[in-house]
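The values are calculated or read from the model by the stated rules, or taken from the named source; none is laboratory data. This structure is a prediction, so every number in the text was calculated from the model and none was measured. Counting neighbours? That spans all protein chains shown, and the Cβs are built from the backbone with ideal geometry, glycine included.
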Amino acid sequence: MTMRRTGLIAATLAMVAAGASVAEAALAPKYDRLRQFETVLGAQVVDALGERPIDRVVRRKDGVFVVHAGECMVFVTLKAIPPKDGMVGATGYEIAEVSPPACR
């Protein structure tokens with residue numbers, strides 16, 4: 001191979017590698033939403049609902065999750081945790097607030 005062709009191949013590989021890391025920076029929306037639901041179904045919410053089994057989880061347009069358990073429900077707000085400054089990666093989530101159970 002000529003030196004020019006080797007340089008072109010190396011540059012192309014570097015661009016592909018850089019593109020791959022940028023592509024991995026954020027999750028596709030469906031995987032990001034899955035991560036949100038996994039966070040919502042954590043111990044804090046289960047503890048708030050006590051012995052009641054969870055029937056369904058609904059995400060409202062305002063971003064609040066409503067977790068139904070029998071005749072009771074709790075409202076869950078998440079806090080997004082972006083990757084550290086200068087780092088690429090998926091956004092993490094933690095529970096910001098769980099309301100007391102509201103029962104019929």
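Summary of values
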| quantity | calculated |
| --- | --- |
| Qualifying positions in segment 47-82 - of a type in the set (Asp, Glu) and within 17 Å of Ile95 (Cβ to Cβ) | Asp47, Asp62 |
| Residue in segment 22-30 that is surrounded by 14 or more Cβ atoms within 10 Å (Cβ to Cβ), of a type in the set (Gly, Ala, Ser), assigned to a loop (DSSP other than H, G, I, E, B) and modelled with pLDDT under 90 present | yes |
| Within segment 60-104, tally of residues that are more than 16 Å from Leu41 (Cβ to Cβ), at pLDDT 95 or above and either surrounded by 17 or more Cβ atoms within 10 Å (Cβ to Cβ) or of a type in the set (Asp, Glu) (or both) | 2 |
| Count of segment 55-96 residues which are in contact with a Gly (Cβ under 9 Å, 6 or more places away or on another chain) and part of a loop (DSSP other than H, G, I, E, B) | 3 |
| Of all residues making up segment 34-59, the number that are free of Cβ contacts under 8 Å to residues at least 24 places away in the same chain and either surrounded by fewer than 10 Cβ atoms within 10 Å (Cβ to Cβ) or touching a His at 6+ places or on another chain (Cβ under 6 Å) (or both) | 6 |
